[in-house]
Every structure is written in C-alpha cells, then in structure tokens.
Amino acid sequence: MNEGRVLASLNAGTTPLSLRGLEMKTQLSTQVIRRSLATLIRSGLVEQADGPPQRSWQLSARARRWLDTAIGRAALDVPAISR
C-alpha cells in the first residue's frame, strides 16, 4: 500500500521528487518512504534522478510501461493522493 502511494506521487508530477516532496504528497513518515523507495528501487520501478534537487527519485522506464497496463493503473488506485 505504501509503495503504491509513493508510485502515485511520482507519477502525479513531471519532475523528480525529493524525500521532503514525497513526505508532503504521501503524508507518510520519512522512515516509511525510505523503506518503500528501497523496495521500489530493488524492483526496478524507481530510480534516483541525476539533476536537482539532490537525492530525488523518479519513475523508471520500466515503471512507466507498467503503469500503462490495467494492473499498473490499479496499483495507483490509492486514496489520499492528490494528482
């Protein structure tokens, strides 16, 4: 569920999000976001962004392809995410 909220937040914007940006969007604690990011990075769905802000994350190409499927879209059906 938390990974879905992090994915939805990253999918909602056009720019990479910092940890603080993810906190504001998801309303999750830093510790929960870090664990969710670690899981998503291991699965290849999220990658660290190269540009500013420092230590920011974005969806990978694999995640974008997955989110184009019905299952991917269903994964983002998480309450309390502003798009």
Hey, can you tell me all the residues within region 34-49 that are surrounded by 14 or more Cβ atoms within 10 Å (Cβ to Cβ) and closer than 18 Å to residue 15 by Cα? 37, 40, 41, 45, 46, 47, 49
Show the residue pairs that are 6+ apart or on different chains and have beta-carbon atoms under 6 Å apart, the first residue being within region 60-83 and among the charged types (D, E, K, R), the second being modelled with pLDDT of 90 or more and open to solvent by less than 70 Å² (accessible area, probe 1.4 Å). 62/44
Looking only at region 50-64, and only at residues there that are open to solvent by 50 Å² or more (accessible area, probe 1.4 Å) and not in a loop (DSSP other than H, G, I, E, B), the one that is farthest from residue 3 (Cα to Cα): 61
Going by what's in this entry, would residue 34 be described as modelled with pLDDT under 90, out of contact with any helix residue (DSSP H, G or I) (no Cβ under 6 Å at 6 or more places or on another chain) and among the charged types (D, E, K, R)? no
Filtered residue count, region 1-23, keeping only those that are open to solvent by 60 Å² or more (accessible area, probe 1.4 Å) and either under 15 Å from residue 55 (Cβ atoms) or among the β-branched types (Val, Ile, Thr) (or both): 3
Can you say whether residue 44 is assigned to a loop (DSSP other than H, G, I, E, B) and over 10 Å from the mean Cα position of the chain (by Cα), as far as the supplied structure shows? yes
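The values are calculated or read from the model by the stated rules, or taken from the named source; none is laboratory data. Here the structure is a predicted model, which means the values were calculated and not measured. All Cβ positions, even for glycine, are placed from backbone atoms using ideal geometry, and neighbour counts span all protein chains on display. Accessible surface areas use protein heavy atoms only, side chains included; no ligands, DNA or RNA. Shrake-Rupley method; radii C 1.70, N 1.55, O 1.52, S 1.80 Å.
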